[in-house]
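In what follows, a structure is listed as structure tokens, so that the remarks can point back to it.
The values are calculated or read from the model by the stated rules, or taken from the named source; none is laboratory data. All values reported here derive from a predicted model rather than from experimental measurement. Cβ placement follows ideal geometry from the backbone for every residue including glycine, while neighbour counts extend to all protein chains displayed.
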Amino acid sequence: MWYVMQVRTGREEETISMVQQYTADPHMGVCFLPKYEQKKKFAGAWHLVQALLFPGYVFVETEEIEKFYMELKHVPQLTKILGTGECWTSIIDEDLRVLERLLDEEKMVAMSTGYMEGDRVMIVDGPLEGMETVIRRINRHKRMAVVEMHMFGRVQEVALGLEIVGRA
């Protein structure tokens, strides 16, 4: 099951290192940061870069959340594992299916490619293919799509890489 820890934004990688350093059983859970590819222009050329999909959050894959939580008490700067009341809640199945569809084996959302057909976007390649209905906005200049996802108990807008290659 996947759980989510809220951490200080900008300290996600550091938190994962501390979890690995301070936990006694490294097989109890795996921490990871979902990322996405996007194109950025600098030095006069477009470059493929990676960015965090959910800044301020670290994902944990574990079947033993209580034991994992007890190990986390040794980790400084940990904020909290998300949940309701006194219980930790895993990512619900519907949200997990969307994430697993978008993420590759390295927990990365690759760039998608599409074209405009009137006011509608048609995705022809990449993880957003077939998910045109969840795209809320497109920024062609920044080569990004804003996608609406249910995550962390609320509707969240997430930026993903999308290159529009033409019009039909």
**Prompt:** If Met122 satisfies every condition in (1) part of a strand (DSSP E or B); (2) free of Cβ contacts under 8 Å to residues at least 40 places away in the same chain but one, which is the exception?
**Reply:** (2)
**Item:** Pick from the range 55-100, criterion of a type in the set (A, V, I, L, M) and not in a helix (DSSP H, G or I), ranking: modelled with the lowest pLDDT
**Value:** Leu78
**Prompt:** Out of all the residues in the range 29-74, which are loosely packed, with under 13 Cβ neighbours inside 10 Å and of a type in the set (D, E, K, R)?
**Reply:** Lys41, Glu63, Glu66, Lys73
**Qualifying residue in the range 17-40 (condition: assigned to a strand (DSSP E or B) and at pLDDT below 80)** = no
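Quick one: is Gly114 part of a strand (DSSP E or B), at pLDDT below 90 and more than 24 Å from Val58 (Cα to Cα)? Before the answer, list the steps.
Numbers: part of a strand (DSSP E or B): yes; at pLDDT below 90: no; more than 24 Å from Val58 (Cα to Cα): yes.
Criteria not met by Gly114.
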**Request:** Answer yes or no as to whether Glu105 is in a helix (DSSP H, G or I), out of contact with any helix residue (DSSP H, G or I) (no Cβ under 8 Å at 6 or more places or on another chain), exposed (fewer than 11 other Cβ atoms within 10 Å of the Cβ) and not polar (S, T, N, Q).
**Result:** no
